[in-house]
Amino acid sequence: MGRPRSGPARGNDLAVIILAAGEGTRMKSDRPKVLMPLAGTPLLGHVLAAAKGLDPAVMAVVVGHQAAAVEGAARSLAQEAGFRAPPRFVLQERPLGTGDAAARALKSVDGCSRAVVLYGDVPLLKPETLRNLVTVQREEKAALVLLTGYRPDPRGYGRIVRDAKGEVLRIVEESEASGKERAIREINAGVYCFEMAPVREIFKKKLGAKGKGEIFLTDVLEALRARRRRVLAVEAADPAEIMGVDSRLGLARAESVLNARRLERLMLSGVSVADPASTFVDPAVTVGRETRLEPSTILRGATRVGERCVVGPFSALESAEIEDDCWVVSSRLSSCRVLKGSRIGPFSHVRPGSVIGPEASVGNFTEVKASRLAQGVKANHLSYLGDAEVGAGVNVGAGVITCNFDGKRKHKTVIEEGAFIGSNVNLVAPVRVGAWALVGAGSTVTKDVPPGAVAIARSRQKNIERRRPLGENGADHVRA
Ligand code: UD1
């Protein structure tokens, strides 16, 4: 636990406080809720990234459940988000509610005159929404501004109770709400910007505990109003932004919101997405203009797709690099490179360490592992190419297998440029087929083939004379 330092580190008078001490029992996980991954990053990482947009002077994170794990993660996530100094950590030993957590944190940010409180389980906030909240608080000289929004299903959220003139009166938690209040669809996002002094005063006098003995931060609002202080609500433009994630259902919904945002960005940059509902892209993925993503396409990790490509339908790419003008259909590719103008699929599996092309094609039911297929190589049917180096223009016939594993070690197959490998050939590695050589169909090649040679390594066909001639209708052998 870092010792709280006093005074803001910078000229800005704003502190950000992130509440991350809760357990999150509804996740049914050994991990604390704020560390559950969303689009590959813990929920808390998303909140820290949004907070960075405020450029606060000080940031405090309240930890409690699995404090050491949350603190460790928060340190590295803050660094990833671009914070130069690590957050200050405040320990809340028992989960006595959001009010108790915030009150503790306020003590560690005493050099600031204003604070923004964020919950570690509200991950979809946009930095511009937070900046707007802070601007409204300053310009309107409000004691507190909170973020609200309308959710079609408000269950689980605090509801915003307004008077006839539309003024916010209070927030009522679901557990405390009457039937009428539960019908309210405007909810509390759990994001507040307030002046420190009056809120500190309220915490000094102590807010009453409710429900299971928790102090609700939301009760600060009513207490400020009772002191005739100005309280305002700002409505989030995008209701998806204010989603709180407290179960795996919420995680899935949040994933789909983030995915939709990324697809929208891609479409606005000139990528066609045939079916956004079945297309998934990770945050680091890039796709070039005029590329078309067909339905059921999944682009993971650091996948990069060039311009004028077609990817999908039914393709999954994991950290694959696809250059311009390629075509990848119904295939799985991982940690590999496909160079300009190449065609993959349908039903191909290109595994790590492979480089294919330019203008090569890997087709139906062909698997390629740690192999280099040079310009114009064709391996279109039912092959396995592992640890192979295949030169330019090589034709790999249907059913060619590189036998690369002797049970202990992997060995290399080299096929030099222009060679023709007939169908159903086994190349028993280590082995080299020279340039422009031809290997007859059905051969099992165990020795190097010199350049330009014809290799046939199969038993000769025997045609055996029958003692009894075939009947007139030619069907005698069936009866025999
Ligand atoms: C809270 C709000 C609710 C709002 C919703 C938005 C209160 C009382 N209620 O409800 O009005 O609509 O968020 O998502 O604030 N935490 C602590 N210490 C605690 C309790 C919670 O640090 O003692 C942290 C949790 O780790 C979590 C956040 O505060 O990151 C929210 O806590 P949670 O219990 O999930 O609040 P909600 O019931 O969702």
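Here are some notes:
- Test: residue in the stretch 117-130 that is away from the ligand (no atom under 15 Å from the Cβ), touching a residue at least 40 places away in the same chain (Cβ under 8 Å), out of contact with any helix residue (DSSP H, G or I) (no Cβ under 8 Å at 6 or more places or on another chain) and in a helix (DSSP H, G or I): yes
- Taking the conditions (1) within 16 Å of the ligand (Cβ to nearest atom); (2) in contact (Cβ under 8 Å) with a residue 60 or more places away in the chain in turn, G64 satisfies each one other than (2).
- Any chance S371 is small (G, A, S) and more than 27 Å from V273 (Cβ to Cβ): yes
Each row is one residue, and each column tells you yes or no for (1) open to solvent by 30 Å² or more (accessible area, probe 1.4 Å); (2) within 24 Å of G97 (Cβ to Cβ); (3) more than 14 Å from the ligand (Cβ to nearest atom).
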site: A197; (1), (2), (3): yes, yes, yes
site: K206; (1), (2), (3): yes, yes, yes
site: G211; (1), (2), (3): yes, yes, no
site: E264; (1), (2), (3): yes, no, yes
site: A274; (1), (2), (3): yes, no, yes
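- Taking the criterion of being under 12 Å from C193 (Cβ atoms), acidic (D, E) and free of Cβ contacts under 8 Å to residues at least 12 places away in the same chain, the only residue of the stretch 133-167 that qualifies is E139.
- Top-ranked residue of the stretch 168-220 - restricted to ones that are in contact (Cβ under 8 Å) with a residue 24 or more places away in the chain and among the polar types (S, T, N, Q), ranked as farthest from L54 (Cα to Cα): S175
- When residues of the stretch 74-106 are limited to those that are open to solvent by 20 Å² or more (accessible area, probe 1.4 Å) and aliphatic (A, V, I, L, M), the one nearest to the ligand (Cβ to nearest atom): L96
- Scan the stretch 317-348 for residues that are surrounded by fewer than 20 Cβ atoms within 10 Å (Cβ to Cβ) and in a strand (DSSP E or B) and the total you get is 5.
The values are calculated or read from the model by the stated rules, or taken from the named source; none is laboratory data. Only a predicted model underlies this, so the values are computations on that prediction, with no experimental measurement involved. Glycine gets a Cβ as well: all are built from the backbone with ideal geometry, and neighbour counts include every protein chain shown. Quick note on the areas: whole protein, heavy atoms, side chains included, nothing else; ligands and nucleic acids left out. Shrake-Rupley method; radii C 1.70, N 1.55, O 1.52, S 1.80 Å.
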